[in-house]
Amino acid sequence: MTKKKILITGGAGFIGSHVVRLFVNKYPDYSVVNLDKLTYAGNLLNLKDVEGKSNYTFVKGDITDAAFITELFSEHKFDAVIHLAAESHVDRSISNPLEFVMTNVIGTVNLLNAAKSEWKDSLSTRRFYHVSTDEVYGALGDTGMFTEETKYDPHSPYSASKASSDHFVRAYHDTYGLDIVISNCSNNYGSHHFPEKLIPLAIHNIKSNKPVPVYGKGENIRDWLFVEDHAKAIDIVFHNSKSGDTYNIGGHNEWKNIDVINLLCKIMDKKLGRKEGESAKLITFVKDRAGHDLRYAIDSSKLQNNLGWTPSLQFEEGLERTVDWYLSNEDWLQNVTSGDYKKYYEEQYVKR
Ligand code: NAD
Ligand code: TYD
């Protein structure tokens with residue numbers, strides 16, 4: 001295995017921490033630098049198990065700070081970047097779109113500029129991997145799936161900012177010859193997921209006997225993928241895809257939100273020793289999200305056929321493992337739900 005120095009951005013977040021863990025453990029000859037601003041969504045507790053490893057370094061920093069990013073590239077001489085740092089929550093993007101433009105668009109362009117300038121003599125041999133979302137494709141009706149050819153049609157400020165960053169990454173390939181890869185993944189679930197997103201929020205609230213908020217009628221459909229399967233897909237795409245390529249990543253696992261919540265309630269009843277049906281009494285239908293995309297579904301056959309990736313877990317098993325993780329990591333949950341989380345929760349669910 002060739003030695004590589006890889007910059008992973010957003011490595012203290014949900015997906016990023018799984019990617020860092022996989023790379024640090026699987027590739028002892030690689031050197032992994034995790035750059036993260038440690039916003040409310042980033043937490044070094046997510047990486048406790050790798051923090052002492054000799055091939056891992058953490059750098060606290062902000063991708064919107066162009067001078068700092070230039071300096072970092074010049075100091076470290078990275079061979080590749082895997083870029084995950086982002087503002088990632090749709091509801092927050094509805095309240096504060098500009099923050100999403102700053103981090104997701106400007107932050108990405110800062111990284112591209114630093115790569116372009118630092119790698120000027122080797123643009124086609126160093127790799128810039130941009131991790132993106134299926135939400136750039138917009139919403140589906142009752143049928144069909146997103147393929148790599150689906151036209152971009154983002155609806156939320158979050159998906160618009162991610163679509164914009166994808167376009168910039170592709171533009172740096174087409175214009176300057178930078179070696180880039182983009183993957184667009186469906187909704188992830190698993191351990192270390194910040195409890196503002198549907199699944200960890202529901203687990204937290206069921207456990208605490210608080211109302212479980214379901215937007216609208218709970219009819220919206222998401223295509224759920226276990227986060228460790230996403231990390232494995234990123235590893236495969238990073239090492240094997242052609243320059244300029246795009247891959248969709250998804251689990252062929254579509255669920256209506258209300259069915260996800262009912263399944264979670266059933267699992268939690270069992271785990272918490274409650275009577276069957278007890279947790280489901282907490283389900284509370286609340287005002288719908290503005291511009292709420294109806295359905296996402298990913299066709300990942302290109303990744304499966306070209307690079308041999310397949311999801312490893314059934315949803316029921318993955319969800320049970322996720323619940324087990326949350327129930328045995330009470331400290332983590334306490335830690336991330338103190339402070340700012342309370343203010344966010346109040347504004348999002350109590351005041352409106
Ligand atoms: P997350 O919100 O859990 O983590 C984001 C991380 O980025 C945090 O550690 C945060 O501190 C860091 N960060 C934010 N702003 C930063 C800045 N200015 N400078 C440096 N670091 C900064 O997000 P996630 O769910 O792990 O998503 C990671 C990536 O994957 C994102 O690009 C997201 O768009 C994409 N994605 C997420 C999903 C999903 O279901 N969560 C699905 C597909 C794609
Ligand atoms: P979320 O986890 O925020 O991911 P995304 O918006 O990126 O798909 O939401 C998943 C689905 O769950 C989405 O249709 C919105 C819905 N939802 C609720 O019904 N209640 C909630 O409290 C949250 C956070 C989401």
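The values are calculated or read from the model by the stated rules, or taken from the named source; none is laboratory data. Keep in mind it's a predicted model, so treat the numbers as computed, not measured. FYI the Cβ positions are ideal-geometry reconstructions off the backbone, even for glycines, and counts take in every protein chain you see.
I'd like to check which strands (runs of 3 or more DSSP E) are fully inside segment 194-285 and have at least 3 residues that are farther than 23 Å from Pro311 by Cα.
Answer list for segment 194-285: 212-215.
Go through the residues of segment 292-299 one by one and say whether even a single one is exposed (fewer than 14 other Cβ atoms within 10 Å of the Cβ), over 21 Å from the mean Cα position of the chain (by Cα) and not in a strand (DSSP E or B). Within segment 292-299, none of the residues are exposed (fewer than 14 other Cβ atoms within 10 Å of the Cβ), over 21 Å from the mean Cα position of the chain (by Cα) and not in a strand (DSSP E or B). Listed by first and then second residue, the pairs with beta-carbon distance under 8 Å, at least 6 apart or on different chains, first residue in segment 90-117 and surrounded by fewer than 18 Cβ atoms within 10 Å (Cβ to Cβ) and hydroxyl-bearing (Ser, Thr, Tyr), second in a helix (DSSP H, G or I) and modelled with pLDDT of 95 or more, are Ser117/Thr70; Ser117/Phe73. Condition check for Ala171 on (1) aliphatic (A, V, I, L, M); (2) within 16 Å of ligand 1 (Cβ to nearest atom); (3) surrounded by fewer than 20 Cβ atoms within 10 Å (Cβ to Cβ): one failure, at (2).
Which residue, of Pro211, Pro195, Pro154, is surrounded by fewer than 22 Cβ atoms within 10 Å (Cβ to Cβ) and touching an Asp or Glu at 6+ places or on another chain (Cβ under 8 Å)? Of the residues listed, the single one that is surrounded by fewer than 22 Cβ atoms within 10 Å (Cβ to Cβ) and touching an Asp or Glu at 6+ places or on another chain (Cβ under 8 Å) is Pro154. May I ask you to list the residues in segment 6-32 that are in contact with a Lys or Arg (Cβ under 7 Å, 6 or more places away or on another chain) and in a strand (DSSP E or B)? Result: Ser31, single match.
Okay, residues lined up against (1) more than 15 Å from ligand 1 (Cβ to nearest atom); (2) basic (Lys, Arg); (3) modelled with pLDDT of 95 or more:
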site	(1), (2), (3)
Asn209	yes, no, yes
Arg222	no, yes, yes
Val227	no, no, yes
Asp235	no, no, yes
Asn240	yes, no, yes
Glu254	no, no, yes
Ile258	yes, no, yes
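Only a single item in (1) within 16 Å of ligand 2 (Cβ to nearest atom); (2) surrounded by fewer than 22 Cβ atoms within 10 Å (Cβ to Cβ) is not met by Lys232, and it is number (1). Inspection of segment 272-288 identifies at least one residue that is more than 30 Å from Ser241 (Cα to Cα), surrounded by fewer than 18 Cβ atoms within 10 Å (Cβ to Cβ), touching a strand residue (DSSP E or B) at 6+ places or on another chain (Cβ under 9 Å) and free of Cβ contacts under 8 Å to residues at least 40 places away in the same chain. How about segment 129-143: which of its residues are in contact with a helix residue (DSSP H, G or I) (Cβ under 6 Å, 6 or more places away or on another chain) and either away from ligand 2 (no atom under 12 Å from the Cβ) or in a loop (DSSP other than H, G, I, E, B) (or both)? Answer for segment 129-143, where residues must be in contact with a helix residue (DSSP H, G or I) (Cβ under 6 Å, 6 or more places away or on another chain) and either away from ligand 2 (no atom under 12 Å from the Cβ) or in a loop (DSSP other than H, G, I, E, B) (or both): Tyr129, His130, Ser132. With the checklist (1) more than 18 Å from Gly318 (Cα to Cα); (2) polar (S, T, N, Q); (3) part of a loop (DSSP other than H, G, I, E, B) in hand, flag the one item Ser191 doesn't pass. With (1) more than 18 Å from Gly318 (Cα to Cα); (2) polar (S, T, N, Q); (3) part of a loop (DSSP other than H, G, I, E, B) applied to Ser191, the lone miss is (1). Selection of first residues in segment 129-143 that are under 23 Å from Ala80 (Cα atoms) and of second residues that are part of a loop (DSSP other than H, G, I, E, B) and hydrophobic (A, V, I, L, M, F, W, C), restricted to Cβ pairs under 6 Å at least 6 apart or on distinct chains, gives the following pairs, ordered by first then second residue: Val131/Leu84.
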